[in-house]
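Novice: Once you've had a glance at the structure underneath, I'll fire off some questions.
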Number of protein chains: 2
Amino acid sequence: MPFKLTILGSSSALPTSERFPSAHVLNAHERLFLIDCGEGTQMQLRRNRIRFGKINHIFISHLHGDHVFGLYGLLSSFSLMGREATLHLYAPENYGDLLHSHLSDFDIHLNFDIDFIPLSGKDPVCILDDTYLSVTSFLLEHRVPAYGFLFREKPHDRNIIKEAIEKYNIPTVRMQAIKKGEDFVAEDGRVIKNEDITIPGPAPHSYAYCSDTRYFARLARFVSDVELLYHEATFDSSLSDLALKTGHSTTSDAARVAKEARVKALVIGHFSSRYKDITSLVEEARTIFPRTFPAIDGRDYDIASIDEW
Amino acid sequence: MPFKLTILGSSSALPTSERFPSAHVLNAHERLFLIDCGEGTQMQLRRNRIRFGKINHIFISHLHGDHVFGLYGLLSSFSLMGREATLHLYAPENYGDLLHSHLSDFDIHLNFDIDFIPLSGKDPVCILDDTYLSVTSFLLEHRVPAYGFLFREKPHDRNIIKEAIEKYNIPTVRMQAIKKGEDFVAEDGRVIKNEDITIPGPAPHSYAYCSDTRYFARLARFVSDVELLYHEATFDSSLSDLALKTGHSTTSDAARVAKEARVKALVIGHFSSRYKDITSLVEEARTIFPRTFPAIDGRDYDIASIDEW
């Protein structure tokens, strides 16, 4: 099953001709999770042939325009396209009232419901939990309340060893329970231990999104051991004072979080428009965390094959 | 001096991979007038290498998202780029309060002033008048208050006939007045009539923007004899009932206005996303008004050479 990130926008507040504002799509088992929704997100979805109808969850990290100005157009388009399914919208708590007043200001009448899940508090909170996935939000450090998101697949079932099926004559009806970890009682009453007839399933995939934030030590704990970490890196290391002042991170800050959290790979983005070429930003991060990659609009990052990047 | 339209967006409410929502830029004497500001306008400005700093007047026809959702991002970008010049913003009167509350909701602090000019009433009103240009707004017929805009160059100065300068020994200091229409008093006291020493200057250029609106007979009078008329044509002629119901026009409606107003050329746009190919829409309009052209994102329409289209 796919577990893949597509980046739709990698600019910071000022978009460029190459970079749209922040928007990520995580494809987890063919369900699409939209993370931030900067201006032009709906055009980028179309350009990347991503089906609107598969998006049922939208996560807004914070209420700065470059992370949310595409939302009204997208909601309006959902409605015009005949959407009826409830949309689950996760955003800072004060957005609940604002959203409805903005929709009314612009004469937008949605023919579907919005299930608003307010983000609040400082500590990690589980905001979505279903059969396949859990999502945790956690407070970042920015000029306004901003939240990061951690997506973790649920542990996969164990795989039954093919030879064991024949050897112990395991009937199909028992397989589901064995995959979940139960032992098998053979026809002659013998108990066959689960670990003798199964091997662990594939490791669960995971993705964390951290934007916008300045560096703080606790963040690495929130995202520890995640496979792919996206972390904003608005500035190069020489602008650490500006980063601190504006509530942003440098390349070194992002790489430091990745290293401390022992992630498999780091993608940096949210680049200031002052950098026409971002090669040096990636190189700078790699001196601290070698497996750093740049966010590029329209590029897929296949987390299922992250070891091969 | 240039008098040229650039279309940045030609879709209706639902943008496509080819068409962004409504936004036009009129370049009149190297001053840029932005007319409507749908989502993604700032990206389209960059893509078309149009300089943000030359935009001092923005006209918003009405408060539907596909005409205004790009404004917040653009204002924010103006500010981030260091703009200090006052921006003149023309929009339906109820937008004055909304704008400031929206900017505050999204933590946008502009470092320039907005001079808000409210649009109201039913009859044509002059909303801008300077040395080179006048702009008139007029009420359209849509689901919410929507305004059209008519841009007219001021009459050009007359041109002095080269031979007359030598013949009557006209000094440079008198030329400006003669160009404005004054007679010339020669050294010997003879009065030389203006029409004997000048020819008319080039005809003033003009452009009218009509979106969104259903057909109404009075509209042609508002835009009579304009050189270029942009008129929305959301639907083909077979969908006239839907057009009426939604407050939009068909190809035939647009062509009819162009014909009744005796314009030189008609550009149709604001196409419904149902039309993948708009050739048939243009052909349909041409049966009524032959000089009809389609709005295409990124295309320039040089009104100064409209007779040669």
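Novice: Distances from A:Glu308 to the same residue in each other copy, label points 7 Å out along Cα→Cβ, in nm, shortest first?
Specialist: Label-point separations across copies, in nm and ascending: 5.7.
Novice: If packing is taken as the average count of other Cβ atoms within 10 Å, what order do B:37-48, A:187-198, A:94-105, B:259-270 fall into, highest mean first?
Specialist: Highest-to-lowest ranking by the protection proxy: B:37-48, B:259-270, A:94-105, A:187-198.
Novice: Further question: Stretch B:Arg174-B:Asp241 to full length: gain in nm at 0.36 nm per residue minus the Cα-Cα span?
Specialist: Length difference between fully extended and current span is 18.0 nm.
Novice: Normalising by the residue count of the stretch A:4-66, find the relative contact order in percent from Cα pairs under 8 Å and 6+ residues apart. Don't jump to the answer; show the numbers that get you there.
Specialist: Values: 113 pairs, mean separation 19.4, N = 63.
That works out to 31 percent.
Novice: Under a plain spin-label model, where a point goes 7 Å from the Cα along Cα-to-Cβ, how far apart in nm are B:Asp277 and A:Ile161?
Specialist: Modelled inter-label distance: 6.2 nm.
Novice: Pairs of alpha-carbon atoms within less than 8 angstrom and 6+ residues apart define the contacts here; what relative contact order does the stretch B:94-235 have, in percent?
Specialist: Here the relative contact order equals 21 percent.
Novice: Between the label point of A:Gly96 and that of the same position in each other copy, find the distances and list them shortest first in nm, with every label point placed 7 Å from Cα along the Cα-to-C-beta direction.
Specialist: 3.4
Novice: 222 nm [θ] for chain A, helices only, -39500 (n - 2.57) per DSSP H run of 4+, per residue, to 500?
Specialist: Result for chain A: -6500 deg cm²/dmol, rounded to the nearest 500.
Novice: I've got another one for you. Say R0 is 30 Å: what FRET efficiency, to the nearest 0.05, do B:Asp97 and B:Phe216 get from their beta-carbon distance?
Specialist: Efficiency computed from Cβ-Cβ geometry: 0.55.
Novice: Just the Cα atoms of chain B: what Rg and Dmax do they give in Å?
Specialist: Looking at chain B, its Cα Rg and Dmax stand at 21.7, 74 Å.
Novice: Shifting gears a bit: Where the label is 7 Å out from Cα toward Cβ, how close does B:Asp129 come to the same position in every other copy, in nm, shortest first?
Specialist: 6.9
Novice: Search the structure for amide H atoms under 5 Å from the amide H of A:Glu93, placed 1.01 Å from N in the peptide plane, and list their residues when 5 or more places away or on another chain.
Specialist: Hits under the 5 Å cutoff: A:Leu119.
Novice: Stick to Cα atoms and the Kirkwood definition of Rh, then tell me Rg/Rh for the stretch A:1-141.
Specialist: So for the stretch A:1-141, dividing Rg by the Kirkwood Rh gives 0.94.
Novice: Given the alpha-carbon gyration tensor of the protein assembly as shown, what are the semi-axes of its equivalent ellipsoid in whole angstrom, ordered largest first, with each equal to the square root of 5 times an eigenvalue?
Specialist: They are 59, 28, 20 Å, listed from largest to smallest.
Novice: Treating each Cα of the stretch B:155-232 as an identical point scatterer and ignoring solvent, apply the Debye formula and state log10 I(q)/I(0) at q = 0.13 Å⁻¹.
Specialist: -0.55
Novice: Over the stretch B:159-199, what is the relative contact order in percent, taking alpha-carbon pairs closer than 8 angstrom and at least six residues apart?
Specialist: 45
Novice: Here is a further query. Along the axis that rotates chain B into chain A, which residue of chain B has the nearest beta-carbon, and what is the gap in whole Å?
Specialist: B:Gly40, 2
Novice: Within the set of other residues whose C-beta is less than 11 Å from the C-beta of B:Ala295, count the net charge using Lys and Arg as +1 and Asp and Glu as -1.
Specialist: Once all neighbours under 11 Å are counted, the net charge is 0.
Novice: Within the stretch B:216-244, which residues have the backbone N less than 20 Å from the label spot 7 Å out from B:Glu18 along Cα→beta-carbon, could you tell me?
Specialist: Backbone N within reach: B:231-239.
Every number in this text was worked out from the coordinates using simple rules, so none of it is lab data. None of these values were measured; they are calculated from a predicted model. Glycine gets a Cβ as well: all are built from the backbone with ideal geometry, and neighbour counts include every protein chain shown.
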